[in-house]
Amino acid sequence: MKKKILVILILVILISILVLIFITSLIYLYLDNQRFNHIFYPGIYVNEVPIGNLSLEDAVVILNAALNTKGIFVLENNIKQWELPMEEIVYFKIEEGLTNILKKQKKNSFIKGFFVRNSPQYYKIEFTLSKSILNYIDKIRSEEEIPPKNAEFFITSDKKVNILPHREGKTINIEETIEEIYQAISEGKYKSKISYKTLVPQITTVQLENLKVIDHLFSVQTYYGDSSENRLHNIKLAAGNIKNILLLPGEEFSFNKLVGPADETGGYKEATIIVDGQFVPGIGGGICQVSSTIYVGALKANLEILQRHNHGRPVSYLPKGLDATISYPYLDLRFKNNTEYGIIINTLTTSTHLIVDFYSYKPLFPDIEFETVEEIIPYQIEKIEKLNIKRGEKKIIQKGQVGYKVTTYKIITDVNGITRKELISIDTYRPVKEIIYIGIKSTESESYTEEVDNEDEHTEDMGD
């Protein structure tokens, strides 16, 4: 009996000891876990940096140094390097990330915490690239970018057509470069390569070759050798805007669009122009010789005329029916390249002549000549009685000039030698009425208060 009691007593003591040990262990684990409310578990690594047993403040300092947040990121190509300040281009969410890790620790029970803190745990700090990185990359792009160069037609002095080949350019591929930077920082690296992309020109050598602008078609020239200095200046200024103009198939030519307003702001001077059938001084006189010469070329190339207006009076530099007046922005010369090949229009000025050259693929174009039919429109005579002129005397104040109705045709001979006739236009050039003063003064002794108009007889200047 005594032996049985002894065994029971020993068992009670052992159980009590085990319970005490268990309770003591729990108390220890609880108290030990409590100290990790403000420091990190021993086995925690952030971006492969150990921060175990560190406070939040100490861990922030350690990670700022380890992640190079105050350092330099190097962006490079095969030749050069650029240094970007890390604190301006990237934002690491260090404190936010570490705070979340601590919060996660606190949620663990003291028993779970015992097992968790004794095994390694790995975390990554999130980061974002700031918008200022675009400013740095854009600055590098301005240094590195090579713009593409379009292929160009080049006309030699002997009117041969050559092609200057295109050149591809390059620029920074911003999206890929930023992705490379992001990937490098994610891997703890602080250097990456610039990514480039090719810039293709809008007009390539092959595109120009396909336009088949290989032949000089013809030249149209008009004379201005006896023009005033101002008129000659205006012609050369306007012609300077029509240099190697390429018209693609289906593209329209607009004189006003290329030359713009002929005003003093554009450098034009005063010369003779035609207004309401009268020759008067005006800014830009002479530019219609440029538009008219181009118009003749468009007709000879058999292009589709979209807009054209004749002058109020005939001009001296071209036959009637072949002129084209301009008045920006209302009256324009417009035509369309209705062929399947490109067309180049170029102007040249000499001391005496304006020359307009057309270039394209010669086998496509027919031979074209012009034919006109003129009808004379008589002028009217207006007689005005004047008291200050002796009776019976006459004074011609404005000399009358006949007008014309002109029908213009083009005679087209195609590549097969077949000829046809097409109407181009029916134009009217208004007559100028003659004004005559008739004297009705009865005697020389009579006195009148009306003064004599000292107008000289008008002389027509075919200047526009």
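Quick one: Cα centre-to-centre distance for the range 276-345 and the range 123-138, in angstrom? The two parts, judged by their Cα centres, are 60 Å apart. Simple point charges give the picture: +1 on the Cβ of Lys and Arg, -1 on the Cβ of Asp and Glu, and for the chain a dipole about the Cα centre of about 3800 debye. With a cut-off of 20 Å, note down the residues of the range 314-338 whose backbone N falls inside the zone around a label point 7 Å from the Cα of Glu371 toward its beta carbon. Under 20 Å, as judged by backbone N against the label point of Glu371, lie 319-323 of the range 314-338. Shown here for the range 176-282: GluC sites (Glu not before Pro) in loop regions (DSSP other than H, G, I, E, B) with at most 16 other Cβ atoms within 10 Å, namely Glu187, Glu251.
Here the range 150-220 is treated as an ellipsoid with the same Cα gyration tensor; its semi-axes, largest first and in whole Å, are 47, 9, 7. Over the chain, what relative contact order in percent results from Cα pairs under 8 Å that are six or more residues apart? With pairs under 8 Å counted, the relative contact order is 12 percent. For the range 114-207, the residue among Ser195, Ala184, Ile174 whose Cα projects farthest onto the positive side of the dipole built from Cβ charges is Ala184. Loop-resident chymotrypsin sites (Phe, Trp or Tyr not before Pro) (DSSP state other than H, G, I, E or B) in the range 280-358 with no more than 15 further Cβ atoms inside 10 Å of their Cβ: Tyr330.
Phi-derived couplings, Karplus 6.51 cos²θ - 1.76 cosθ + 1.60 at θ = phi - 60°, listed residue by residue for the range 409-422: 10, 10, 9, 9, 10, 7, 5, 8, x, 7, 10, 9, 10, 10 Hz, with x used for Gly and Pro.
Would you please name the trypsin sites (Lys or Arg not before Pro) within the range 162-240 that are DSSP coil residues with at most 14 other C-beta atoms within 10 Å of their C-beta? Mind dumping the intermediate values first?
Working: sites: Arg167, Lys170, Lys189, Lys191, Lys193, Lys197, Lys212, Arg231, Lys236; in loops: Lys189, Lys212.
Taking the range 162-240 and a limit of 14 other Cβ atoms within 10 Å, the loop trypsin sites (Lys or Arg not before Pro) found are Lys189.
If you take every residue apart from Asn256 with its C-beta less than 11 Å away from the C-beta of Asn256, what net charge results, scoring Lys and Arg +1 and Asp and Glu -1? Walk me through the numbers before you get to the answer.
On the way: positive: Lys257, Arg334; negative: Asp332.
So the surrounding residues net to +1.
Suppose R0 equals 22 Å. What FRET efficiency, 1/(1 + (r/R0)^6) with r the Cβ-Cβ distance, do Leu364 and Asn210 give to the nearest 0.05? Taking R0 as 22 Å, the efficiency between Leu364 and Asn210 is 0.95. Between Tyr91 and Glu270, the contour length at 0.36 nm per residue exceeds the Cα-Cα span by 57.8 nm.
Fully extending the segment from Lys257 to Ile146 would add 36.9 nm, taking 0.36 nm per residue of separation and subtracting the current Cα-Cα distance. Counting other Cβ atoms within 10 Å as a rough exposure proxy, the listed residues Leu11, Leu299, Leu364 run Leu11, Leu364, Leu299 from fewest neighbours to most. With the cut-off at under 19 Å, measuring from each backbone N in the range 128-156 to a point 7 Å along the Cα-to-Cβ line of Thr198 picks out 145-152.
Panel order for Ile17, Ile178, by other beta carbons found within 10 Å of each beta carbon, from fewest to most: Ile17, Ile178. Seen from a random direction on average, the alpha-carbon convex hull of the range 212-441 projects onto 14.7 square nanometres.
Each label point was placed 7 Å from the Cα along the Cα-to-Cβ direction; for Gln81 and Ile418 their separation is 7.6 nm.
Relative to the current alpha-carbon distance between Lys139 and Ile396, full extension at 0.36 nm per residue lengthens the span by 84.9 nm. For the chain, take the longest principal axis of its alpha carbons; what is the angle in degrees between that and the long axis of helix 132-144, to the nearest 10 within 0 to 90? Value to nearest ten degrees: 50.
Bear in mind these aren't lab numbers, they're just calculated from the coordinates by the rules spelled out. No experiment lies behind these values; they were computed from the predicted model shown. Cβ: placed from backbone, ideal geometry, glycine included. Neighbour counts: every protein chain shown.
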